Amino acid sequence: MSAPAPRRRIGAQTVLTVEDGWWLGPRLRRVIAGGPEYATIVGNDFTDAYTKLFFAHPDTGLTPPYDLAELRQTLPPELLPSMRTYTVRRLDDTSGQLTIDFVVHGDDGIAGPWAATARKGDLLVMSGIGGGYAPDPAADWHLLAGDDAALPAIARALEAMPPDARGVALIEVDGDDDHVPLTAPSGVGVEWLHRDGAHPGTTTLLPDAVRGLPWRDGHVQVFAHGERGAMKTLRPYLTTERGLDRSQLSLSAYWAYGRAEDTFQAEKRRPVGQLFDPAG
């Protein structure tokens with residue numbers, strides 16, 4: 001009997017092989033990957049668990065794993081592998097499979113078009129799993145709010161809640177065709193918000209819906225993730241108008257309208273990309 005593969009430190013690249021994939025809706029494609037290196041993945045108990053995925057430029061013919069430090073010395077920036085952040089929808093240690101749901105907006109971006117055409121045998125390169133939120137069973141009620149990009153994390157959070165949990169999940173998508181089956185406690189309502197053809201990131205649909213909710217008594221735990229402008233609008237409402245403590249909030253921008261992730265991630269370290277005052 002061979003020894004189990006050693007668990008891999010965060011930051012190291014894991015190379016998996018696509019084993020299956022299908023469309024959950026017109027803009028959401030599920031990809032399942034596995035292989036021997038799955039055993040090296042170190043998971044966690046956060047329901048917003050995420051991983052960094054690497055996509056090589058098709059003109060380079062690079063084979064993973066990628067030595068990024070070396071490649072920066074030999075390739076121009078536009079030919080380096082691109083990194084994108086995605087929620088881990090499921091880790092199944094029994095089957096040895098990783099599941100990720102990709103939002104696909106036509107030919108826009110890098111990861112979405114890759115997922116749209118991913119076939120069995122294609123390689124999926126990931127690096128570590130992070131996270132920071134899981135539903136608190138002691139909370140009196142839960143408020144979850146997000147757009148398409150946050151849907152996998154919201155789905156995981158709903159599945160992890162105790163049966164007696166109460167609250168509401170507000171999910172912004174384009175329309176009825178984008179609804180996916182969700183498993184939620186009976187006391188947690190799911191409300192779908194429709195953009196009706198408007199481009200993601202160009203409406204106030206999500207923050208308006210949060211503001212329009214009847215506010216419940218008791219200790220609330222909030223998970224609000226999505227486009228940066230919407231999250232910046234929600235922050236003062238939740239912290240100032242509703243007086244919530246930072247400990248009650250998981251509030252973060254998953255993406256920014258008009259920004260590729262490379263630019264978006266760089267901006268997160270600057271005032272334009274920060275939701276909270278670093279000193280506060």
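The values are calculated or read from the model by the stated rules, or taken from the named source; none is laboratory data. Because the structure is predicted, anything quoted here is derived from the model rather than measured. Here the Cβ is made from the backbone with ideal geometry for all residues, glycine too, and neighbour counts use every protein chain on show.
State whether one or more residues within region 38-57 are under 17 Å from residue 12 (Cα atoms), assigned to a helix (DSSP H, G or I), of a type in the set (Ser, Thr, Tyr) and in contact with a Gly (Cβ under 8 Å, 6 or more places away or on another chain). Scanning region 38-57, I find at least one residue that is under 17 Å from residue 12 (Cα atoms), assigned to a helix (DSSP H, G or I), of a type in the set (Ser, Thr, Tyr) and in contact with a Gly (Cβ under 8 Å, 6 or more places away or on another chain), so the answer is yes. For the criterion of being surrounded by fewer than 14 Cβ atoms within 10 Å (Cβ to Cβ) and either touching a Cys at 6+ places or on another chain (Cβ under 6 Å) or modelled with pLDDT of 55 or more (or both), residue 278 fails.
Scan region 39-49 for residues that are surrounded by fewer than 21 Cβ atoms within 10 Å (Cβ to Cβ) and either touching a residue at least 60 places away in the same chain (Cβ under 8 Å) or aliphatic (A, V, I, L, M) (or both) and report the count.
Initially, region 39-49 is screened for residues surrounded by fewer than 21 Cβ atoms within 10 Å (Cβ to Cβ), giving 39-46.
Within this subset, residues satisfying the condition of being either touching a residue at least 60 places away in the same chain (Cβ under 8 Å) or aliphatic (A, V, I, L, M) (or both) are 39, 41-46.
Within region 39-49, residues that are surrounded by fewer than 21 Cβ atoms within 10 Å (Cβ to Cβ) and either touching a residue at least 60 places away in the same chain (Cβ under 8 Å) or aliphatic (A, V, I, L, M) (or both) number 7.
The residues on offer are 159, 191, 172, and the sole one that is among the acidic types (Asp, Glu), at pLDDT 95 or above and under 23 Å from residue 51 (Cβ atoms) is 159.
Residues are listed down the side, and each one gets a yes or a no for (1) within 28 Å of residue 91 (Cβ to Cβ); (2) surrounded by 16 or more Cβ atoms within 10 Å (Cβ to Cβ); (3) of a type in the set (D, E, K, R):
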| site | (1), (2), (3) |
| --- | --- |
| 149 | yes, yes, no |
| 172 | yes, yes, yes |
| 231 | yes, yes, no |
| 243 | no, no, no |
| 248 | yes, yes, no |
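Scanning region 76-95 for residues that are in contact with a helix residue (DSSP H, G or I) (Cβ under 7 Å, 6 or more places away or on another chain) and charged (D, E, K, R) returns 84, 89.
Out of the residues in region 57-100 that are of a type in the set (S, T, N, Q) and farther than 19 Å from residue 33 by Cβ, state the one that is surrounded by the fewest Cβ atoms within 10 Å (Cβ to Cβ). Spell out how you get there, then give the answer.
Within region 57-100, the first condition is being of a type in the set (S, T, N, Q), and the residues that meet it are 60, 63, 73-74, 82, 85, 87, 94-95, 97, 99.
After this cut, where a residue has to be farther than 19 Å from residue 33 by Cβ as well, the list is 60, 73-74.
Working: 60: 13, 73: 7, 74: 9.
So, considering only residues that are of a type in the set (S, T, N, Q) and farther than 19 Å from residue 33 by Cβ, the one surrounded by the fewest Cβ atoms within 10 Å (Cβ to Cβ) is 73.
All conditions but one from (1) part of a loop (DSSP other than H, G, I, E, B); (2) closer than 20 Å to residue 129 by Cα apply to residue 32; the one that does not is (1).
Mind checking whether some residue in region 65-84 is at pLDDT 95 or above, closer than 28 Å to residue 222 by Cβ, under 21 Å from the mean Cα position of the chain (by Cα) and not hydrophobic (A, V, I, L, M, F, W, C)? No, region 65-84 contains no residue that is at pLDDT 95 or above, closer than 28 Å to residue 222 by Cβ, under 21 Å from the mean Cα position of the chain (by Cα) and not hydrophobic (A, V, I, L, M, F, W, C).
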